Every structure is written in structure tokens, then in C-alpha cells.
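Below is a structure I'd like to ask you about.
Please treat every number below as a calculation from the coordinates, not as lab data. Note that the coordinates shown come from a computational prediction; the quantities given were computed from them, not determined experimentally. Glycine also receives a Cβ, built like all others from the backbone with ideal geometry; neighbour counts cover every protein chain displayed.
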Amino acid sequence: MNLEHAINDRRSIRGFTDQPVSKELLEEVIALANRAPSSMNTQPWHLHVLTGEPLERVRKGNTENMLAGVKPTRDIEDYSEYQGEHRKRQIEIAVQLFEAMGIERHDAERRQDWVMRGFRQFDAPVSIVVCFDRSLLANTIAHFDTGAMTYGLVLAAWSKGLGSVINGQGIMQSPVVREVAGIPEDQVILTCVALGWPDEDFVANSVVSRRRPVSNLTHFLGFVE
């Protein structure tokens, strides 16, 4: 698969088969993602790759805490609510997903189940917890660098036939993730990536989020028409 096809065809996968993903294949994916650029080649990222029993413990801890009303705790500053056009795009993708899944607006039970899927890492066979060095938390662009590597991760996975979704819900109970994964305190937990073999029968996997046209997001200067 060439780069253009990978970029254009990739989509977020939220339903997976139970087929395991080999450590060898994951190492290939990570090696590609590790080529991501970073500020002055600082390479601030660390990955913790969970499967099997450790991942089940994370799922259980996340789910139990959220259902018990435990306030989400993250290493990074909590998200503020999106407004304006950003909120509209956020709602649009939610509507696309709910329509694909046949989840009605009044169906509180199914809507709740959908939310809980995120805390369960979308039942994926692998979760990659993405971290960066805590010493770079203030006054650096380590967030940006680690984000570039994370995009490389999902692209590389797609090129190998794997599906994934960047999943902020999966680390909303960061103390659970840190304890199970043995993540040292000198690393900041940024996000996680649910990853595995796409379930072709899971209808939400067909959803492709819409993108703004280039003319809407780009300001060209100095070019001759």
C-alpha cells in the first residue's frame, strides 16, 4: 500500500475480531511510526503495548470506576468543551456513528453502551498506551511530537491491514492504566490506541468522517494564478 492510499483509505476502526495480533507485527508497525519527526530529534515518546490479561484488567478497572462515578483522572490537562464549528464537527461524527449503528436518540441504554465501549478500548485485542517524558511537560512541544508519532502509528497499522482508533476515553482513568501497565511516574500518559483486525461486519467501521476542502483551511500567499 502506498502512502497516498493509506492516508485516503484509513478510517477509525471501532469494532475488531478476536484474532490476536503478533508481537512481531506490532514491532514492524512501531518501527515505522518511530520514524516520525520531532523537535530537534528529541523523540519524547514511549509506548506500552497491552494485550491479554493485562488489557482485561484495564478494561475492568476503567469500566468499574466509570460506572461507580469515579471522576476521570488524566495526566494531561482536562479537555474543555468544543464550541462553534469544532462542536458541529464533533456532533456530526457522533450522528454518523449512531445512524450507522441504528442507535436512536431516545435509546439511552444503547447510547450508554456505546460510550462504555471506549472505556473498554473498543474490545480491541491490543491497546497501545502513548506516553512522553514528564520532564518535557511544560514549555516544550512534546505533545505535538508525540501526536505526530501517533498518527504514524495508525497509518502504519493500516498499511499492514490492521485497524485502529485513537482513544482518549481509554486513559480517562489514568491511575488504573498506570498501575496495570507499570508505567513509571516520569512518563505522562497522553492517549491510547485501540488496535486489531477490523471486524468487517461491524457497521460503524464503514463510517468515514468528512473533511473540509483545502480551500476552507488553507491561505495561500505569493502564488501566481
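Which ³J(HN,Hα) values in Hz, rounded to whole numbers, follow from the phi angles of the range 66-77 under the Karplus curve 6.51 cos²θ - 1.76 cosθ + 1.60, where θ = phi - 60° and Gly and Pro get x?
Rounded to whole hertz, the list is 5, 5, 7, x, 5, 4, x, 10, 10, 6, 8, 4.
How far is it, in nm, from the label point at Val95 to the one at Arg111 when both lie 7 Å from their Cα along the line to the Cβ?
Computed distance between label sites Val95 and Arg111 equals 1.4 nm.
Now a separate question. Can you list the HN-Hα couplings for the range 102-107, worked out from phi with the Karplus curve (6.51, -1.76, 1.60; θ = phi - 60°), rounded to whole Hz and with x for Gly and Pro?
Rounded to whole hertz, the list is x, 8, 6, 4, 8, 7.
Moving to a separate point now. Write down the percent of antiparallel bridges among all DSSP beta bridges whose residues are both part of the range 3-217, to the nearest 5. Mind showing how you got there, number by number?
On the way: 20 of 22 bridges.
Roughly 90 percent of the beta bridges in the range 3-217 run antiparallel, per DSSP.
What residues have an amide H closer than 5 Å to that of Phe16, excluding those fewer than 5 places away on the same chain, when H is modeled at 1.01 Å from N in the peptide plane?
Asp199
Now, a different point. When the convex hull of the Cα atoms of the range 3-217 is projected onto a plane and the area is averaged over all directions, what value comes out in nm²?
Result: a mean projected hull area of 13.0 nm².
Roughly how big is the chain's charge dipole about its Cα centre, with Cβ charges of +1 (Lys, Arg) and -1 (Asp, Glu), in debye to the nearest 20?
Details: 24 positive and 30 negative charges, 76 e Å.
Approximately 360 debye in magnitude.
Continuing with the same structure: Based on DSSP loop calls and a cut-off of at most 14 other Cβ atoms within 10 Å, the longest stretch of the chain free of exposed chymotrypsin sites (Phe, Trp or Tyr not before Pro) is what? Write out the running numbers ahead of the final one.
Details: sites that count: Tyr79, Tyr82, Phe220, Phe223.
It runs 83-219.
What is the gain in length, in nm to one decimal, between Leu217 and Val70 on full extension, counting 0.36 nm per residue of separation less the C-alpha to C-alpha distance?
Details: separation 147, 0.36 × 147 = 52.92 nm, distance 3.91 nm.
Here the answer is 49.0 nm.
Could you derive backbone 3J(HN,Hα) for the range 79-91 from the dihedral phi with the Karplus parameters 6.51, -1.76 and 1.60 (θ = phi - 60°), listing whole Hz in sequence and x where the residue is Gly or Pro?
3J(HN,Hα) across the range 79-91, in whole Hz: 6, 8, 6, 6, 10, x, 4, 5, 5, 4, 5, 4, 5.
Another one. Need one number for the range 91-200: average projected area of the convex hull over its C-alpha atoms, nm².
Values: hull surface 33.8 nm².
It is 8.4 nm².
Under 24 Å between alpha carbons, and skipping anything fewer than 8 positions from Lys60 in its own chain: which lysines qualify?
Leaving aside lysines fewer than 8 places away in the same chain, those within reach of Lys60 are Lys23, Lys71.
Then there's this: So which trypsin sites (Lys or Arg not before Pro) in the range 85-159 are both in a DSSP loop and have at most 12 other Cβ atoms within 10 Å of their Cβ? Before the final figure, lay out each step's value.
Details: sites: Arg87, Lys88, Arg89, Arg105, Arg110, Arg111, Arg117, Arg120, Arg134; in loops: Arg105, Arg120.
Passing sites in the range 85-159 are Arg105.
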